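The values are calculated or read from the model by the stated rules, or taken from the named source; none is laboratory data. All values derive from a computational prediction rather than experimental measurement. Quick reminder, even Gly has a Cβ in these numbers, built from the backbone with ideal geometry, and neighbours come from all protein chains shown. Heads up: the accessible areas ignore ligands, DNA and RNA and are worked out on the full protein's heavy atoms, side chains in. Shrake-Rupley method; radii C 1.70, N 1.55, O 1.52, S 1.80 Å.
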Amino acid sequence: MTDINTRIAEKVNGSDVVLFMKGTPLFPQCGFSSRAIAILEHLGVEYDSADVLQDAELRQGIKAFSDWPTIPQLYVKGEFVGGSDIMMEMFESGELHELLAEKGVPHAA
């Protein structure tokens, strides 16, 4: 495993919910990251985040790690869930709430 893959794996496995995004939760730097944060905030989920704009190696590495070409990327209990479009679909259908409950991640009802 390369250094960046090790760093990503540690981040992904270090928190129940991790969002790799452009910017920070307080200052998202793209609409997709902003939407992802809004969904997580609405669900009342505690999450960790990583700003890929501050680290070019991370920005490229996370795409290879997940085999997913875009950012943001959401991980729940170490598993890749998807980007903001998938998050939105899952949120609207109730699947994201169900996934969090299934994985034992505390969130608002």
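As an exercise: evaluate TRP68 against (1) part of a loop (DSSP other than H, G, I, E, B); (2) in contact with a Ser or Thr (Cβ under 6 Å, 6 or more places away or on another chain); (3) not aliphatic (A, V, I, L, M) and give the number of the one condition it does not meet.
Here TRP68 meets the rest and fails (2).
Which residues, counting only those in the range 1-39, are at pLDDT 95 or above, outside any helix (DSSP H, G or I) and exposed (fewer than 13 other Cβ atoms within 10 Å of the Cβ)?
LEU26, PHE27
Considering only residues that are open to solvent by 30 Å² or more (accessible area, probe 1.4 Å) and over 17 Å from ARG35 (Cβ atoms), which ones fall in the range 79-109?
Those that are open to solvent by 30 Å² or more (accessible area, probe 1.4 Å) and over 17 Å from ARG35 (Cβ atoms): GLU79, PHE80, GLU98, LEU99, ALA101, GLU102, LYS103, GLY104, PRO106, HIS107, ALA108, ALA109.
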